[in-house]
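A short write-up of the structure that comes next.
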Amino acid sequence: MRPLLRALETLGAIAVYLFAIVRSLFTGPRYVGETLRVSEILIRRCLIPVGLAVAPVGAVIALQGVHIFRSFGAEELLSSLLATAVFREYSPALASVMVAAQAGSSIAARIGTMRVRGQIDALAVMSVDPIRYVVLPGLIACAVVTPLLNVLTTLLGLFSGWVFAVVLVGCDHGSFMANLYSQVSLVDLYVGLSKCLVFGTAVGLIAGYLGLQTTGGAAGVGKAANNTVTYTIVLILVCDYLASMLLLSLGL
């Protein structure tokens with residue numbers, strides 16, 4: 001009976017949290033300066049790790065694909081595989097995972113530290129909504145920064161694939177670019193950006209919720225940060241798979 005009551009209590013807390021988030025999104029005051037400050041911090045923390053994590057992906061895809069396509073005499077189609085994989089799957093997923101690891105853990109740790117130190121309660125005493133002032137800026141920052149980082153990682157992935165295929169392997173540059181342009185469409189771009197928007201929002205929501213639920217001092221803060229990374233990465237990978245299956249079934 002206790003596990004059921006605990007689960008119902010958790011669901012109720014999540015529902016109240018989500019309602020507070022939605023209410024804060026559509027009512028004032030809005031702390032634009034705090035949102036910009038958090039966004040700038042996230043970009044600085046995530047830019048290099050995300051770039052280093054995703055840049056080799058294009059080269060790895062080209063490395064694996066060139067041998068397969070070469071056996072069929074269709075090396076010029078390598079860029080089609082590269083474009084689809086990078087735009088739709090690898091770049092959005094890896095960019096979101098790195099944001100979860102860098103930004104999500106940082107946001108959860110910051111909010112958790114404020115919770116155990118009593119600063120969250122102090123904000124409420126001063127009539128400052130903690131959701132609006134502490135959680136919402138991180139949520140908006142994650143939702144905005146993740147698609148922006150996805151654009152960078154997509155370009156890096158395509159460039160690394162081009163370097164391996166054209167410069168190192170010797171594929172024809174004209175055929176590579178022609179098939180790349182013929183394969184990529186605005187739908188691919190919208191799919192990748194939409195995934196990142198959803199995944200980035202999920203990172204901000206989970207980080208904010210776990211940060212507010214922090215108890216137990218420094219150990220609790222560390223647990224909130226670790227759980228944020230674990231939960232968001234699992235959620236991103238599962239949702240990415242489900243979204244890909246849905247898009248394929250719809251012919252998109």
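List the GluC sites (Glu not before Pro) within the stretch 40-146 that fall in a DSSP loop (any state other than H, G, I, E or B) and whose Cβ has at most 11 other Cβ atoms within 10 Å.
When the GluC sites (Glu not before Pro) of the stretch 40-146 are filtered for loop state and at most 11 Cβ neighbours within 10 Å, nothing remains.
Going by the alpha-carbon gyration tensor, a ≥ b ≥ c the square roots of its eigenvalues, is the stretch 1-61 rounded (a/c under 1.5) or, if a/c is not under 1.5, prolate (a/b greater than b/c) versus oblate?
Here the stretch 1-61 falls in the oblate category.
Before anything else, pin down the relative contact order of the chain: Cα pairs under 8 Å, at least 6 apart, normalised by residue count, whole percent.
32 percent
So what is the relative contact order for the stretch 1-123, in percent, with contacts set as C-alpha pairs under 8 Å and at least six apart?
Relative contact order here is 27 percent.
Once the Cβ-Cβ distance between Asn226 and Asp172 is put in as r, and R0 is 51 Å, what FRET efficiency do you end up with, to the nearest 0.05?
It comes out at approximately 0.60.
Can you work out the FRET efficiency for the pair Ile48 and Leu186, with r the C-beta to C-beta distance and R0 = 35 Å, to the nearest 0.05?
Between Ile48 and Leu186 the formula returns 0.75.
Take every Cα-Cα pair in the stretch 108-158 and report what % of them are more than 15 Å apart.
Beyond 15 Å sits 58 percent of the P(r) for the stretch 108-158.
With the chain treated as a Gaussian network of Cα nodes joined by springs under 10 Å, which of Asp172, Asp240, Asp188 yields the largest mean-square fluctuation?
Maximum fluctuation in the GNM of the chain, among the listed residues, is at Asp172.
What number does the stretch 26-151 give for Rg over Rh if you use C-alpha atoms and the Kirkwood radius?
Radius of gyration relative to Kirkwood radius: 1.20.
What number, in percent, do you get for the relative contact order of the stretch 123-252 if the mean sequence gap of Cα pairs under 8 Å and at least 6 apart is divided by its residue count?
RCO, the stretch 123-252: 31 percent.
Ignoring ligands, DNA and RNA, please state the percent of accessible area on the stretch 134-182 from carbon and sulfur, probe 1.4 Å.
Carbon and sulfur: 76 percent of the exposed surface of the stretch 134-182.
Once both axes come from the Cα atoms, what is the angle between helix 217-249 and the longest principal axis of the chain, in degrees from 0 to 90, rounded to 10?
Value to nearest ten degrees: 40.
For the stretch 196-249, state what percent of all Cα-Cα pairs lands in each successive 5 Å bin, counting from 0 Å until the bin that includes the largest distance.
Over the stretch 196-249, the share of Cα pairs per 5 Å bin runs 4, 20, 23, 19, 13, 9, 6, 3, 2, 0 percent.
Keeping every protein chain present and rolling a 1.4 Å probe, give me the accessible area per residue for the stretch 168-252 in Å².
54 Å²
Quick one: net charge around Gly138, please, counting Lys, Arg +1 and Asp, Glu -1 for every other residue with C-beta under 10 Å from its C-beta.
Combined, the nearby Lys, Arg, Asp and Glu give 0.
In vacuum, with every alpha carbon of the stretch 100-252 counted as one equal point scatterer, what does the Debye formula give for log10 I(q)/I(0) at q = 0.09, 0.17 Å⁻¹? Two decimals, please.
-0.42, -0.97
At 222 nm, what helix-only mean residue ellipticity would the chain give, in deg cm²/dmol to the nearest 500, using -39500 (n - 2.57) for each DSSP H run of four or more?
Helices in the chain give a 222 nm mean residue ellipticity of -27000 deg cm²/dmol.
Which angle from 0 to 90°, rounded to the nearest 10, does the C-alpha axis of helix 186-212 make with the longest principal axis of the chain?
Between the helix axis and the principal axis of the chain, the angle is about 30 degrees.
Roughly what angle does helix 32-71 make with the longest principal axis of the chain, taking Cα atoms, 0 to 90 degrees, to the nearest 10?
Long axis of 32-71 versus the principal axis of the chain: about 30 degrees.
Return the tail of the calculated pair distribution for the stretch 98-184, meaning the percent of Cα-Cα pairs more than 16 Å apart.
Within the stretch 98-184, distances greater than 16 Å cover 68 percent of Cα pairs.
The values are calculated or read from the model by the stated rules, or taken from the named source; none is laboratory data. Everything numeric here is computed off the predicted structure, so don't read it as measured data. Positions of Cβ are backbone-derived with ideal geometry, glycine not excepted, and every protein chain shown enters the neighbour counts. With ligands, DNA and RNA removed, areas are computed over all heavy atoms of the protein, side chains included. Shrake-Rupley method; radii C 1.70, N 1.55, O 1.52, S 1.80 Å.
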